[in-house]
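Engineer: The structure follows.
Nothing in this text is a laboratory measurement; each read-out follows from the coordinates by a stated rule. Bear in mind that the values here come from a model prediction, so they are computed numbers and not experimental data. Every residue, glycine as well, gets a Cβ built from its backbone with ideal geometry; the counts of neighbours run over all protein chains shown.
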Amino acid sequence: MKASEAPFAAIDFESAGTAPGLTDEPVQVAIVQWQSESPIVVLNSHLRPSRPVTWAAQQVHGISDDQLTHAPHLIDLWPQVRSGLEGRWVVAHGAATEKRFLRVFPFHGFGPWVDTLNLTRAVYPSLPSHALGDAVLSLGLLEKIIFPGFRWHDAASDAIASLVLLDHLIKAAGLAMEPAEVLTRPNLAAYFASRRK
């Protein structure tokens with residue numbers, strides 16, 4: 001399968017934040033599929049954690065405990081998560097968080113995974129910042145994100161931004177006709193060399 005033909009679905013979580021003695025938990029999840037170079041939101045939900053959202057996390061994503069009182073638990077959304085990701089190449093920017101939160105579904109088997117953070121580092125090793133928002137702004141991609149109410153650190157918004165970024169990276173690096181597997185193992189040598197300078 002060519003990179004331009006792979007069926008992609010981006011997933012993004014926002015979290016309750018870390019604090020001493022507290023395990024991080026998700027408070028929002030979104031899954032967005034990429035169809036004909038357009039994003040389709042198939043899941044966008046707040047999630048009820050077992051403990052309060054930290055003040056620092058609220059300052060980042062704006063999600064308060066009051067908004068989560070009647071939200072479902074992530075485990076309750078298994079049918080939507082499965083239908084959104086099954087059979088697709090899973091996209092995330094800095095995929096470690098998404099992989100960690102998905103462990104609530106043992107043996108889910110989702111993947112292959114495409115980490116747009118590593119791809120951005122490989123294609124543009126000298127960007128001042130490879131964070132999602134910074135990369136999108138540096139590469140002039142913000143106007144390509146069409147989503148009502150778009151804002152950074154909203155799960156659906158960030159998932160869409162990841163897909164727009166991925167589409168740009170595939171085209172900019174000339175990967176459209178390459179096997180899709182190249183997206184899972186970007187060469188980070190130039191990135192690490194630029195970091196050492």
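Engineer: For the pair L188 and V42, how long in nm is the line joining their label points, each one 7 Å along Cα→Cβ?
Structural biologist: With each label point 7 Å from Cα toward Cβ, the separation is 2.8 nm.
Engineer: Order the peptides 108-115, 85-92, 153-160, 5-12 from the highest to the lowest mean number of other Cβ atoms within 10 Å of their residues.
Structural biologist: 153-160, 5-12, 85-92, 108-115
Engineer: On to the next question. Apply the Karplus curve 6.51 cos²θ - 1.76 cosθ + 1.60, θ = phi - 60°, to the phi angles in the stretch 46-53 and return the couplings in whole Hz, x for Gly and Pro.
Structural biologist: With coefficients 6.51, -1.76 and 1.60, one gets 6, 10, 8, x, 8, 8, x, 6 Hz.
Engineer: Taking the stretch 128-197, which chymotrypsin sites (Phe, Trp or Tyr not before Pro) meet the DSSP loop condition and have no more than 16 other C-beta atoms within 10 Å?
Structural biologist: F150, W152
Engineer: Tell me which trypsin sites (Lys or Arg not before Pro) from the stretch 97-191 have a DSSP coil assignment and no more than 13 other beta carbons within 10 Å of their own.
Structural biologist: Those that pass, being in a loop and sparsely packed, are R151.
Engineer: What does the charge count near V53 come to, summing +1 for each Lys or Arg and -1 for each Asp or Glu among other residues with Cβ under 11 Å from its Cβ?
Structural biologist: So the surrounding residues net to -3.
Engineer: Right, next: Can you tell me what share of the DSSP beta bridges in the chain is antiparallel? A percent to the nearest 5 is fine.
Structural biologist: Once the DSSP bridges in the chain are tallied, antiparallel ones form about 75 percent.
Engineer: Rounded to the nearest 0.05, what FRET efficiency do R196 and L22 give with R0 = 41 Å and r taken as the Cβ-Cβ distance? Could you check?
Structural biologist: Here the calculated transfer efficiency is 0.70.
Engineer: Can you tell me the FRET efficiency between M177 and L127 if r is taken as the Cβ-Cβ distance and R0 is 30 Å, rounded to the nearest 0.05?
Structural biologist: Working from the Cβ atoms, E equals 0.75.
Engineer: Which of these, S50, S64, S36, has the largest mean-square fluctuation under a Gaussian network model of the chain (Cα springs below 10 Å)?
Structural biologist: S36
Engineer: Turning to a different aspect of this structure: Relative contact order for the stretch 3-196 using alpha-carbon pairs under 8 Å, separation at least 6, rounded to a whole percent?
Structural biologist: Rounded, it is 27 percent for the stretch 3-196.
Engineer: Next question. Check cross-link reach from K171 to the aspartates and glutamates: straight Cα distance under 18 Å, and skip same-chain residues fewer than eight apart.
Structural biologist: Counting by Cα, and skipping residues close in sequence, K171 has these aspartates and glutamates nearby: E5, E37, D115, E143, E181.
Engineer: Follow-up. If r is the Cβ-Cβ distance from S64 to R151 and R0 is 22 Å, what FRET efficiency results, to the nearest 0.05?
Structural biologist: Plugging the Cβ-Cβ distance into 1/(1 + (r/R0)^6) gives 0.90.
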